[in-house]
Amino acid sequence: METSAGTAAAPQPPRRQHYGSFMLAEDDEDEDDDGTGLLGHGVSSWGRWRKRAGTCLGDTLVAVAAISVAVFITVIDNLPYGLLLFPPSFNLGPLGVQLVLVSAIVSQAVFGAMSTFSCALGSFIIENVAFLRTMSTSLYSQLRDEGRTDEALMTILFCFSFSTLLTGAAFYALGVLQLGKVSSFVPQHVVLGCIGGMGVFIVCEGIGITTGIDWGWEPSVLLAQLHPSPFLKILVTGFLTVSLSLLKQKIKHPILTPVFFLAIPVVFYAALYPLGVSTDEARDSGWLFSFATPGGGGRGGGGVGGGTGGVTSVGNNSSNSTRVNRDGGGLEGGMGGGAEATAGVGRMSMSSLGVIDECRSFPGVLACLDVRLIAWDVVPSQLFTFLGLVFFSLIHIPVNVPALAATTGTDVDLNKELKAHGVSNLLCGLFGGLQTYMAYSTSALYFKTGGGYRPCLFLIAALMAAFLLLGQEAITYFPRPLAGCLLLHLGAVLLYESLVLTWQKAVDMSEYVTIWTITLSMTIIGFMEGVGIGLLLACGIFVVQCSRNNPIGSAFPGDGLSSKEMRSPAQRKLLAYRLQGSIYIIRLRGNLFFGNIEQLFLHLREVFHRMPHLLFLVLDMGELAGIDFSARDRLVRMCKTMTGQGKEGGRRVHMVWAALHKPLKEKLKAGGCFGEERGGGGGTGKMLRGGGGGGGGGGGGGGGGGGGGDEYFRSTS
């Protein structure tokens, strides 16, 4: 090709065009039979077919990759927390995992149908696992003490479902009433303290899941974790957790986390062959999950010798029972250490809970439901736990929804998303599931890997349902370090966000102390107790901080201020002489309550000492937002003292109330703060319809003017 000047043009690099995930070069090889480029105007039918095929194939590969990542990360992210719903001695790990998966499946289908986001992925609210674990342990302990352990499982499952129904009702009610932002009123430092407490719980339980020994703070349990076999598992899991953290500092791509967790089982099984270890031997050694059946069958095997002492985890009607084998014999029991001990765990824990083998998985447990086995009398004891579950479920939505909207560039209605969350939790509760929400991290990861087609959301739910039907057999092939690494990583992240980042952000010291107090209280005392302590501390800090705000906006004497009434120079001179030092004006602002009313009294005491001839005190209430009962009561006593009507008497000072709005006027009138004075008798003060704005005053034989065009009070002369 030549230019108009007849010179050859410089060769141009071939243009490139994206088709799905491919980049095609438009060069001579892509020309059709007519010699027209693939992207030219004269594209043949064969060229158009190739273009469409390339686009379709690219989009399909991207969608398949995104769906695979979504299914894998959703399953692997929910699996460990199902193991925490029941204490390990209950031997109900598969049932807990399947309850979590059922919840994720139902929420996934609902979000696919109702959510504005085309990349929304539903998940069990993992922060609630601590409360659910507390609920199951508490209910079992109560029923065990009363000799009614056969009612334990049905009661626990009912409470799980009932708490989910309450959560769904709360979500839906907030959405219908357009109150989407009400949950954002929770103090952030209280939420961070609770997150810290959950982080400690998840780290501790992650260690317990890794070793197969119920976590406890007793010295015998802590020493048991240091035996060679469990300690080796802890080291491996810790190494994986640290490695993931270091990799995330170097690699910022969101696909890193799922790829890392996917590589763990691949490397694990690849390492078994050169080591000459079979899958059954790895399971018998506790590296794979093992859940015994009541008859002692199932997956569990030989013991692990380990020194002069060991630990046997037994389900002797106790949620956290571990005994030290002081006669030697190494590490036994747990969940996968010793065939005899494991079978014993199965027999004792199953008989104590009244659970047969068919009821240990989700499809079978539906057939075992019996309302007559629900201990209705112990359900009310979990009221505060129900409230805690609802509370922590609600605080996620104002954070997750706007964050995902910003990531995807989607305009979203928060109230609509609340309704979708409400329907999701209501359906989960009806199916016996747990609390769910739209997980920001997995949804954002799915979007960034190419997901975004709404029909794919239902396909993800179907694939997770297929995994659910595999039952507990699929769980027994997951390495323990995989679950432990997931839990330790999440727990470490929660602790870092709550305890380290807050310090780096220079949070107020009182709030930082509150965060630590809540974290320690939830760890040492209990979760609901820690939440209660945190809320009380937050209220106390709020009162202290508000008490520092002076309710007095401005204060000044009324000397030199005059009303709008026309007077002769002689009259003005007389009034200025007779009223000098007898008028004082105070403008109040904000809220007057028990915490800051004392500042007003201290100021008045100073004024009385400085102005011995004070006759009129004007309180401008135009900028006062409200007053509580304690402050109003003290104002009434102050009025009576200043007007000489109190028990202690006092010098005569006229109270003048100005710029009262109706709600405040009614509240003060009900307390007897003012009344219409006639010749100096009757009420405790004089109320006038003053304008409020500007300031000014006058009294006695004269008047005082307000900057808003209205007088504070009228002359009585």
S351 vs (1) in a helix (DSSP H, G or I); (2) among the small types (G, A, S); (3) modelled with pLDDT of 85 or more: all pass except (3)
Condition met for C546 (exposed (fewer than 13 other Cβ atoms within 10 Å of the Cβ), under 30 Å from F391 (Cβ atoms) and not polar (S, T, N, Q)): no
Identify, by number, the condition in (1) part of a helix (DSSP H, G or I); (2) at pLDDT 85 or above; (3) surrounded by 14 or more Cβ atoms within 10 Å (Cβ to Cβ); (4) of a type in the set (V, I, T) that V500 doesn't meet. (3)
Within segment 443-496, considering residues that are β-branched (V, I, T) and not in a helix (DSSP H, G or I), the one farthest from L83 (Cα to Cα): T449
Any residue that is open to solvent by 30 Å² or more (accessible area, probe 1.4 Å) and over 30 Å from F431 (Cβ atoms) - is there at least one of those in segment 201-213? yes
Among R572, R589, R578, R610, the single one that is modelled with pLDDT of 85 or more, surrounded by fewer than 15 Cβ atoms within 10 Å (Cβ to Cβ) and charged (D, E, K, R) is R610
What number of residues within segment 550-561 satisfy the criterion of being of a type outside the set (A, V, I, L, M), within 11 Å of L600 (Cα to Cα) and without any contact (Cβ under 8 Å) to a residue 60 or more places away in the chain? 1
For segment 515-541, which residues satisfy the criterion of being modelled with pLDDT under 85 and open to solvent by 40 Å² or more (accessible area, probe 1.4 Å)? M528, E529, L535
Which fully enclosed helices (runs of 4 or more DSSP H) of segment 357-442 have 3 or more residues being under 17 Å from S163 (Cα atoms) and either aromatic (F, W, Y) or modelled with pLDDT under 90 (or both)? 383-394
Residue by residue through segment 626-673, note down the ones that are part of a loop (DSSP other than H, G, I, E, B), more than 18 Å from F601 (Cα to Cα) and either at pLDDT 80 or above or touching a Leu at 6+ places or on another chain (Cβ under 9 Å) (or both). A659, L660, H661
In segment 217-266, which residues are polar (S, T, N, Q), more than 15 Å from L490 (Cα to Cα) and open to solvent by 30 Å² or more (accessible area, probe 1.4 Å)? S220, Q249
Of everything in segment 85-102, what is in contact with a Leu (Cβ under 8 Å, 6 or more places away or on another chain) and farther than 11 Å from L468 by Cα? Give them in sequence order. L85, F86, F90, L92, G93, G96
Say whether the condition of being in contact with a Ser or Thr (Cβ under 7 Å, 6 or more places away or on another chain) and not in a helix (DSSP H, G or I) is met by at least one residue in segment 167-184. no
Please determine whether any residue of segment 446-464 is touching a helix residue (DSSP H, G or I) at 6+ places or on another chain (Cβ under 6 Å), crowded, with 22+ Cβ neighbours inside 10 Å and within 29 Å of Q188 (Cα to Cα). yes
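The values are calculated or read from the model by the stated rules, or taken from the named source; none is laboratory data. Note that this is a predicted model, so its numbers are computed, not measured. Virtual Cβ from ideal backbone geometry, glycine too; neighbours counted across all protein chains shown. Heavy atoms of the whole protein, side chains included, go into the accessibility calculation; ligands, DNA and RNA do not. Shrake-Rupley method; radii C 1.70, N 1.55, O 1.52, S 1.80 Å.
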